[in-house]
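Derivation of every value follows stated rules applied to the coordinates shown; laboratory data play no part. Just so it is clear, the structure is predicted and the values come from calculations on it, not from any experiment. Cβ: placed from backbone, ideal geometry, glycine included. Neighbour counts: every protein chain shown.
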Amino acid sequence: MTWRFCLMLEPAASDSPLTDFSATFTVVDPAAPALSVGELSTQRGDGIFESIGVVDGHAQEVAAHVERLAHSARLCDLPAPHLGQWHQAVQRAAAECGPGEAVIKLILSRGVEHGPAPTAWVTAATAPDNSRARTEGVRVVTLDRGFDSGAPARAPWLLLGAKTLSYAVNMAAIREARRRGADDAIFVSSDGIALEGPTSSVILRHGDRFTTPAPGAGILHGTTQLSVFAHLEAQGLETAYEQLPVDALRTADAAWLVSSVRLAAPVTAVDGLELAVDRELTASLNRYLLSPRN
């Protein structure tokens, strides 16, 4: 990944009357030191983030990502971000991305320990080459997430619906999947409910009906999944959010892991059981996801 740009933000209050936030942005060298040793994002993973796909300088679905950043901030008791400020920061970063695919990251942390304000920054980097996953697909294994489907309601302090910087478990799950001879994982609850991938949402097709695990089980509501469902619905196809048993993964006519940067990767096997791949629909979904979208 080649870092192209980094922008530090002086966080604005959500009710700030400003309409031009350029004076609150500072461009910094992405290769230079920029954070204090007391920064809680690095000490404790105490913060939130978003990853936004960029195609030929166009940042995709910015509103959905910024709104989800605000949702994560509420869950984590962080100051509410000013949506207009973050929109402008994204557009500033997108202007530096140039042709091809890139990824913009939004980061909001609790700041320096005992400090007066949160820390906020935006980065832009060249996206990894995901063409193989999009065309050849991914093999997945199911991994127990360690809690039952009722845990998010009983224990909201687990922050299961927030996109936090505490991603060590997610990365460990991907490493475990690879140790088992797969490319990726799908988390399942201890009572057998399918959840999500460590960095993706799950979409299943049974006939002409498309489903995804309901977000009420502590699942991060995926921006790419929302966009795919809107695209499918526009074609007259049925979509639904459901509590899906793990067996639904293995009986699907087709399945995908979808995310903002990898886009739609067809699942070719679940726990060693081969799945059919709908190559025509997969190609159609990725053409749509690579087209400019607001």
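Using +1 on the beta carbon of Lys and Arg, -1 on that of Asp and Glu, and nothing else charged, what's the dipole of the stretch 3-126 about the Cα centre, debye to 20?
Computed charge dipole of the stretch 3-126: roughly 140 debye.
On each of the three principal axes of the Cα atoms of the stretch 73-144, give max minus min coordinate, whole Å, ordered largest first.
The Cα atoms of the stretch 73-144 stretch 49, 40, 20 Å along their principal axes.
How long are the semi-axes of the ellipsoid equivalent to the stretch 144-217, from square roots of 5 times the Cα gyration tensor eigenvalues, in whole Å, largest first? Spell out each step's value before the answer.
Numbers: eigenvalues 76, 70, 26 Å².
Calculated on Cα positions only, the semi-axes equal 20, 19, 11 Å.
Classify the stretch 199-267 as rounded, prolate or oblate from the Cα gyration tensor: take a ≥ b ≥ c as the square roots of its eigenvalues, call it rounded if a/c is under 1.5, otherwise prolate when a/b beats b/c and oblate if not. Don't skip to the end; give the middle numbers.
Working: a/c = 1.24, a/b = 1.02, b/c = 1.21.
Rounded is the answer for the stretch 199-267, as its axis ratio a/c remains below 1.5.
Suppose R0 equals 45 Å; then what is the FRET efficiency for H114 and E242 from their Cβ-Cβ distance, rounded to the nearest 0.05?
Working: r = 45 Å, r/R0 = 1.01.
The computed FRET efficiency comes out at 0.50.
Could you give the dipole magnitude of the stretch 24-88 about its Cα centre, charging the beta-carbon of Lys and Arg +1 and that of Asp and Glu -1, in debye to the nearest 20?
Values: 3 positive and 8 negative charges, 31 e Å.
It works out to roughly 140 debye.
Quick one, could you list the DSSP H helices from the chain stretching 18 Å or more along their long axis (Cα atoms) with average Kyte-Doolittle hydropathy of -1.0 or above?
Details: long enough: 62-75 (20 Å, 0.25).
Qualifying helices, which must be both long enough and hydrophobic enough, are 62-75.
The stretch 189-219 to the stretch 93-165: how many Å between their Cα centroids?
Each part's Cα centre sits 18 Å from the other's.
Order of 87-95, 258-266 by packing, highest average Cβ count within 10 Å first? Walk me through the intermediate numbers first.
Numbers: 87-95: 19.6, 258-266: 24.1.
Descending mean neighbour count gives 258-266, 87-95.
Computed over the Cα atoms of the chain, what is the ratio Rg over Rh, Rh following Kirkwood? List each step's numbers first, then the result.
Working: Rg = 19.1 Å, Rh = 19.8 Å.
My calculation puts Rg/Rh at 0.96.
One-quarter of the Cα convex hull surface for the stretch 146-294, in nm²? Write down the numbers at each step before the final one.
Details: hull surface 35.9 nm².
Seen from a random direction, the Cα hull of the stretch 146-294 projects 9.0 nm² on average.
Where does the Debye-calculated log10 I(q)/I(0) of the stretch 3-126 sit at q = 0.15 Å⁻¹, using only Cα point scatterers of equal weight, no solvent?
Log10 I(q)/I(0), no solvent term: -0.65.
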